[in-house]
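> Before anything else, here's the structure in question.
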Amino acid sequence: MSDYKTIAESRNFIVLDRYEPEWKVAENYQSESDLERELIQDLVNQGYEFASFIKSPLDLLANVRVQLQALNAVQFTEGEWMRFVETWLDKPSEGIVEKTRKVHDDYIHDFIFDDGRIQNIYLLDKKNIARNKVQVIKQFEQTGSHANRYDVTILVNGLPLVQVELKKRGVAIREAFNQVHRYSKESFNSEHSLFRYLQLFVISNGTDTRYFANTTQRNKNSFDFTMNWAKADNTLIKDLKDFTATFFQSTPCSMCCCITRCSTSATRCW
């Protein structure tokens, strides 16, 4: 895969220096499940791990433990892990603002193990970002005030940082935006939900694809704040396959850089 560089950013666009599609865009009918299946396969082809076993909050938390242990070369005992989760990773008093600060600024925690030793526990390795593990899951189920099932979620070191909501071709993309907004009120931010770590949302109906940052500011929680990719000649990169090839580039390094750059250049939540 090529490495696509940005040359300009504005409120509504991020401009790429170049992009040449490597496939012919499908113009025939595609259902939502077809789009989902194709998106996941494209991500797998780009180096993502498809973690099909993650379907519930318990599965998600268990996977976070595996990924953070691997990243930090540690093994938590059951008691240590529960203490790490309750006192730092998923403190009940924290919302998406505090979680976002952890992703961007406070991603290293001094944890005291039961034997008294202190070790830095990283959520992300920002110096050697190729070490971060990128996974994709689908149809994750979670209940808050209502039960919801999310389309496609991208995990970095086990944490859900990007949520993708899809609609079949021909359906207005605004419906996907409205669905994200509903999930945000009903389940994303429920108690003990790791989806409070979400940084970015991507919405697509196959032929139109946009992204926007997570936010708590009501005046910015609007479809007007969704953004497009664009080439240097102002041609928008709207088809989902082309968007996937550029936005979700093929390495953990590119993905982590993308999250940091895009969530900063778009609407931040504090």
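The values are calculated or read from the model by the stated rules, or taken from the named source; none is laboratory data. The structure displayed is predicted, hence computed values, not measured ones. Cβ coordinates were reconstructed from backbone atoms using ideal geometry, including for glycine residues, and neighbour counts include every protein chain displayed. For accessibility, only protein heavy atoms count, side chains too; no ligands or nucleic acids. Shrake-Rupley method; radii C 1.70, N 1.55, O 1.52, S 1.80 Å.
> Return the residues of segment 101-122 that are assigned to a loop (DSSP other than H, G, I, E, B) and out of contact with any Leu (no Cβ under 7 Å at 6 or more places or on another chain); say none if nothing qualifies.
Filtering segment 101-122 for residues assigned to a loop (DSSP other than H, G, I, E, B) gives 105-107, 113-117.
Residues satisfying the conditions are Asp105, Asp106, Phe113, Asp114, Asp115, Gly116, Arg117.
> Take the residues in segment 73-100 that are assigned to a helix (DSSP H, G or I) and under 21 Å from the mean Cα position of the chain (by Cα), then tell me which one is nearest to Asn189 (Cα to Cα). Reasoning before the result, please.
Of the residues in segment 73-100, the ones assigned to a helix (DSSP H, G or I) are 78-89, 96-100.
From what is left, the residues that are under 21 Å from the mean Cα position of the chain (by Cα) are 85, 88-89, 96-100.
On the way: Val85: 16, Trp88: 17, Leu89: 15, Ile96: 7, Val97: 11, Glu98: 12, Lys99: 11, Thr100: 13 Å.
Looking at residues that are assigned to a helix (DSSP H, G or I) and under 21 Å from the mean Cα position of the chain (by Cα), I get Ile96.
> Quick one: count up the residues across segment 149-192 that are open to solvent by 10 Å² or more (accessible area, probe 1.4 Å), more than 29 Å from Asn72 (Cβ to Cβ), among the polar types (S, T, N, Q) and touching a residue at least 40 places away in the same chain (Cβ under 8 Å).
0
> In addition: Name, by its number, the condition in (1) surrounded by fewer than 16 Cβ atoms within 10 Å (Cβ to Cβ); (2) without any contact (Cβ under 8 Å) to a residue 60 or more places away in the chain that does not hold for Trp81.
Of (1) surrounded by fewer than 16 Cβ atoms within 10 Å (Cβ to Cβ); (2) without any contact (Cβ under 8 Å) to a residue 60 or more places away in the chain, only one is false for Trp81: (1).
> Only one of these conditions is not met by Leu68: (1) touching a residue at least 40 places away in the same chain (Cβ under 8 Å); (2) not in a helix (DSSP H, G or I). Which number is it?
(2)
> Looking at (1) at pLDDT 95 or above; (2) over 30 Å from Lys127 (Cβ atoms); (3) assigned to a loop (DSSP other than H, G, I, E, B), which is the only condition Gln30 fails?
(1)
> Something else now. Which of the residues spanning segment 130-150 are closer than 12 Å to Pro57 by Cβ and of a type in the set (D, E, K, R)?
Residue satisfying the conditions is Glu141 alone.
> Does segment 41-55 hold any residues that are surrounded by 13 or more Cβ atoms within 10 Å (Cβ to Cβ) and touching a strand residue (DSSP E or B) at 6+ places or on another chain (Cβ under 8 Å), and which are they?
Of everything in segment 41-55, those that are surrounded by 13 or more Cβ atoms within 10 Å (Cβ to Cβ) and touching a strand residue (DSSP E or B) at 6+ places or on another chain (Cβ under 8 Å) turn out to be Leu43, Gly47, Tyr48, Glu49, Phe50, Ala51, Ile54, Lys55.
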